[in-house]
Amino acid sequence: MNYYDVFGVLPTASSEDIANAHKALSKKYHPDINSSKDAHDKMVMLNEANEVLSNQAKREEYDNALKLNQRQTQQRDISSSRAAKAKPSGGAKVTDERAEKAEFLRRKAEAKLKTQDAVRAQRDAWEKQKAKETSQKSRQVRYDVDRQHMLDILSSVVINGNKQLRNNMEIDEERHNATKVLLSMVRGDNEHLRRRAEEAERKKNIEQILSLVKEYNAEAD
């Protein structure tokens, strides 16, 4: 609080206005009249302000100092305001940089996960394909072995086991029919016929095998 505020007047107040204010306030706060705790301090401040403002030279010196102090205060306020405005901008810039860095790292991690998933999916597909091919090869090998085995048996029984029958029938036709029976047995698409053919083969029953061959051909046609 400056001396003018003590008297409740403006810096442009006249000497008479200041004297009247001092007189009125002194009556109010004089310790002989006012017994409040701050009355003494208030009177000390009134007398100090009056000593400066009632003297023209001291008042001019005080006014100059007051103006200088006001200018300095204004400059500090302006600097503080500029700093306050600049701070959010800088802070926003730092925040944006951090956000961009975080987004970059997130995208990088996401891309890495996608790459890992793609590699894993490709490996799984390759393993499944390899297992499928291995299974197919295994089945093909078993099929070829079974086919060759049954063909040898049927060819031996049907063609070589009965000379009279061999003379009466074409060898190529019998091989063809034997192959048909074989394929039916391996595929298992005629379970009843397969079992009858196996039983006939065990008993070396040539006539029954020939009958089965004809029966299969009839069903196939």
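The values are calculated or read from the model by the stated rules, or taken from the named source; none is laboratory data. Everything quoted here is computed from the prediction, not taken from an experiment. Cβ sites come from the backbone with ideal geometry, for glycine too, and all protein chains shown count toward neighbours.
Checking each residue in the range 25-35 for being loosely packed, with under 12 Cβ neighbours inside 10 Å and either within 60 Å of the chain's Cα centre (by Cα) or free of Cβ contacts under 8 Å to residues at least 12 places away in the same chain (or both) picks out Lys27, Asp32, Ile33, Ser35.
Being within 20 Å of Gly8 (Cα to Cα) and in contact (Cβ under 8 Å) with a residue 40 or more places away in the chain is a condition met by at least one residue of the range 64-76.
When each of Gln72, Gln56 is tested for being exposed (fewer than 10 other Cβ atoms within 10 Å of the Cβ) and at pLDDT 85 or above, the lone residue that passes is Gln56.
Residues that are outside any helix (DSSP H, G or I), out of contact with any Gly (no Cβ under 8 Å at 6 or more places or on another chain) and in the same structural domain as Gln70 (by TED's automatic domain parsing): does the range 23-30 have at least one? Yes, the range 23-30 contains a residue that is outside any helix (DSSP H, G or I), out of contact with any Gly (no Cβ under 8 Å at 6 or more places or on another chain) and in the same structural domain as Gln70 (by TED's automatic domain parsing). Please work out which residue is farthest from the chain's Cα centre (by Cα), limiting yourself to the range 124-140 and to residues that are of a type in the set (D, E, K, R) and modelled with pLDDT of 80 or more. The residue in question is Glu133.
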